[in-house]
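**Q** Here's a structure for you.
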Amino acid sequence: MFTLNCDRAYLFAHPERELAAEEQARYEAALNERARGVPAQYITGHQEFWGMDLIVTPAVLIPRPETEHVIETVLELAKVETAGGQESPHMSILDVGTGSGCIALALAKEFPGADIHATDISAAALEIARANAARLQLEKRIQFYQTDLLEGLNLGGLDFIVSNPPYVGESEEDQVQLEVRKFEPRAAVFAGPAGLEVIERLIPQAHATLRPGGWLILEISGTIAGAVGQLLKTWDDVRIIPDLQAIPRVARARKPRT
């Protein structure tokens, strides 16, 4: 499908189709890249997330199905927060460490009236995020900022801060898939020796930026779930939500109203 730029139905409908020499060379080159461990998404340049086709390059983490639990959590909490389950027209959301833009774009899609903001420390990642926003005709819906977490932003009173931050400890490196270690951006995977280093900085910044009663939603791993719970012990309504494999995957917490 990638080599011929066609869909699956075309392949089934044309079993007699033979590859031209140039197509054969492209096909074999793709196989060789995959054989040396390059993720298929970096070879094809695409990954699906929340029903959207996203551009991905080695500058960004490949969006994963587990991250969709972050979107589901925001949807659930937004319904609780607003009367009759209707979205507030003034809802404001910040995606910290946006990467490909997958979380910010999914939330822009789900909340047409919300103000969406997204940050990343990487200029190359923001270029991909902006390209994805343009392809999905959402570029006017999202404000992008190049910064480290929330540094230098003046966005007080946010309703939601969401993030899929780096949360793998360098001590766990040998447990991470080889293709992740070798090909995905290291700064988007590893947070430091313990895996908590980025989240430890993010939580107080989020507390200072959220409105009273606003929500912080983080993707995490089972390894750090207990420690993240401790970091959020002064917050309200803290809950760790498992993914479909029963692994702790999302931490949510509400900034106290007083």
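**Q** Could you tell me which residue of segment 41-61 is surrounded by the most Cβ atoms within 10 Å (Cβ to Cβ), considering only residues that are more than 15 Å from A106 (Cα to Cα) and among the aliphatic types (A, V, I, L, M)? Show your work before the answer.
**A** Here is the first cut: in segment 41-61, the ones more than 15 Å from A106 (Cα to Cα) are 41-46, 56-61.
If we keep only those that are among the aliphatic types (A, V, I, L, M) too, we end up with 43, 56, 59-61.
Numbers: I43: 15, V56: 23, A59: 20, V60: 29, L61: 22.
Top of the filtered list is V60.
**Q** Now, a different point. Picking from E170, E197, which residue would you name as being modelled with pLDDT under 95, surrounded by fewer than 21 Cβ atoms within 10 Å (Cβ to Cβ) and touching a strand residue (DSSP E or B) at 6+ places or on another chain (Cβ under 6 Å)? Spell out how you get there, then give the answer.
**A** Details: E197 fails: modelled with pLDDT under 95.
The unique qualifying residue is E170.
**Q** Does A191 satisfy the criteria of being out of contact with any Ser or Thr (no Cβ under 9 Å at 6 or more places or on another chain), among the aliphatic types (A, V, I, L, M) and within 23 Å of A123 (Cα to Cα)?
**A** On the way: out of contact with any Ser or Thr (no Cβ under 9 Å at 6 or more places or on another chain): yes; among the aliphatic types (A, V, I, L, M): yes; within 23 Å of A123 (Cα to Cα): yes.
It is true that A191 is out of contact with any Ser or Thr (no Cβ under 9 Å at 6 or more places or on another chain), among the aliphatic types (A, V, I, L, M) and within 23 Å of A123 (Cα to Cα).
**Q** Additional query: Can you tell me which residue within segment 120-136, out of those that are charged (D, E, K, R) and more than 20 Å from S92 (Cα to Cα), is surrounded by the most Cβ atoms within 10 Å (Cβ to Cβ)?
**A** Out of the qualifying residues, it is E127.
**Q** Would you mind stating whether T73 is touching a residue at least 24 places away in the same chain (Cβ under 8 Å), closer than 20 Å to P185 by Cα and hydroxyl-bearing (S, T, Y)? Before the answer, list the steps.
**A** Working: touching a residue at least 24 places away in the same chain (Cβ under 8 Å): yes; closer than 20 Å to P185 by Cα: no; hydroxyl-bearing (S, T, Y): yes.
When the stated conditions are applied, T73 does not pass them.
**Q** Under 26 Å from the mean Cα position of the chain (by Cα), over 29 Å from L202 (Cα atoms) and modelled with pLDDT of 95 or more: is that true of G97 in this structure?
**A** Values: under 26 Å from the mean Cα position of the chain (by Cα): yes; over 29 Å from L202 (Cα atoms): no; modelled with pLDDT of 95 or more: yes.
Criteria not met by G97.
**Q** Sticking with this one: Could you check how many residues of segment 24-52 are free of Cβ contacts under 8 Å to residues at least 24 places away in the same chain and assigned to a strand (DSSP E or B)?
**A** 2
**Q** Sort out which residues of segment 148-163 are surrounded by 13 or more Cβ atoms within 10 Å (Cβ to Cβ), part of a loop (DSSP other than H, G, I, E, B) and on the phi < 0 side of the Ramachandran plot, and write them in order of number. If you could, list the steps in order and put the result at the bottom.
**A** Residues of segment 148-163 that are surrounded by 13 or more Cβ atoms within 10 Å (Cβ to Cβ), as a first pass: 148-150, 153, 155, 158-163.
From what's left, part of a loop (DSSP other than H, G, I, E, B): 148-150, 153, 155.
Across segment 148-163, the qualifying residues are D148, L150, L153, L155.
**Q** Same structure, new question: Going by the conditions given, is H117 out of contact with any Ser or Thr (no Cβ under 7 Å at 6 or more places or on another chain), surrounded by fewer than 24 Cβ atoms within 10 Å (Cβ to Cβ) and part of a strand (DSSP E or B)? Quick ask: steps written out before the conclusion?
**A** Details: out of contact with any Ser or Thr (no Cβ under 7 Å at 6 or more places or on another chain): yes; surrounded by fewer than 24 Cβ atoms within 10 Å (Cβ to Cβ): yes; part of a strand (DSSP E or B): yes.
For H117, the condition - out of contact with any Ser or Thr (no Cβ under 7 Å at 6 or more places or on another chain), surrounded by fewer than 24 Cβ atoms within 10 Å (Cβ to Cβ) and part of a strand (DSSP E or B) - is met.
**Q** Okay, next question. Being among the hydroxyl-bearing types (S, T, Y), under 16 Å from R64 (Cα atoms), modelled with pLDDT of 95 or more and under 17 Å from the mean Cα position of the chain (by Cα) is the requirement here; does S122 meet it? Outline the logic, then answer.
**A** Details: among the hydroxyl-bearing types (S, T, Y): yes; under 16 Å from R64 (Cα atoms): no; modelled with pLDDT of 95 or more: yes; under 17 Å from the mean Cα position of the chain (by Cα): yes.
Considered against the rule, which asks whether it is among the hydroxyl-bearing types (S, T, Y), under 16 Å from R64 (Cα atoms), modelled with pLDDT of 95 or more and under 17 Å from the mean Cα position of the chain (by Cα), S122 comes out as no.
**Q** Next up: Just to be sure before I move on: is S100 within 20 Å of K182 (Cα to Cα) and either touching a strand residue (DSSP E or B) at 6+ places or on another chain (Cβ under 8 Å) or crowded, with 20+ Cβ neighbours inside 10 Å (or both) in the structure I sent?
**A** Working: within 20 Å of K182 (Cα to Cα): yes; either touching a strand residue (DSSP E or B) at 6+ places or on another chain (Cβ under 8 Å) or crowded, with 20+ Cβ neighbours inside 10 Å (or both): yes.
For S100, the condition - within 20 Å of K182 (Cα to Cα) and either touching a strand residue (DSSP E or B) at 6+ places or on another chain (Cβ under 8 Å) or crowded, with 20+ Cβ neighbours inside 10 Å (or both) - is met.
**Q** While we're here: List, please: which pairs have Cβ atoms under 9 Å, are six or more places apart or on different chains, and start with a residue in segment 192-208 that is over 16 Å from T234 (Cβ atoms) and end with one that is among the hydrophobic types (A, V, I, L, M, F, W, C) and assigned to a helix (DSSP H, G or I)?
**A** Close Cβ pairs satisfying both conditions: G192/V198; A194/A227; G195/A227; L196/A227; L196/V228; L196/L231.
**Q** Step by step: first the residues of segment 226-258, then only those that are crowded, with 19+ Cβ neighbours inside 10 Å and under 20 Å from the mean Cα position of the chain (by Cα), then the one that is farthest from E76 (Cα to Cα). Which residue is that? It would help to see each step written out before you state the result.
**A** Step one: of segment 226-258, the residues crowded, with 19+ Cβ neighbours inside 10 Å are 228, 231-232, 235, 249-255.
In the following step, the residues that additionally are under 20 Å from the mean Cα position of the chain (by Cα) were identified as 228, 249-253.
Working: V228: 21, R249: 16, V250: 13, A251: 14, R252: 11, A253: 13 Å.
Among those that are crowded, with 19+ Cβ neighbours inside 10 Å and under 20 Å from the mean Cα position of the chain (by Cα), it is V228.
**Q** Somewhere in segment 8-21, is a residue within 28 Å of G101 (Cβ to Cβ) and surrounded by 13 or more Cβ atoms within 10 Å (Cβ to Cβ)?
**A** Our first condition is that a residue be within 28 Å of G101 (Cβ to Cβ); within segment 8-21, this holds for 8.
Filter again for surrounded by 13 or more Cβ atoms within 10 Å (Cβ to Cβ), leaving none.
No, the conditions are met nowhere in segment 8-21.
**Q** Now for a different question. Could you tell me which residue of segment 77-93 is modelled with the highest pLDDT, considering only residues that are within 19 Å of A118 (Cα to Cα) and more than 22 Å from the chain's Cα centre (by Cα)?
**A** First, the residues of segment 77-93 that are within 19 Å of A118 (Cα to Cα): 78, 89-93.
Still in the running and more than 22 Å from the chain's Cα centre (by Cα): 89-90.
Numbers: P89: 55, H90: 78.
Top of the filtered list is H90.
The values are calculated or read from the model by the stated rules, or taken from the named source; none is laboratory data. Treat the numbers as computed from the prediction; the structure is a model and nothing was measured. Virtual Cβ from ideal backbone geometry, glycine too; neighbours counted across all protein chains shown.
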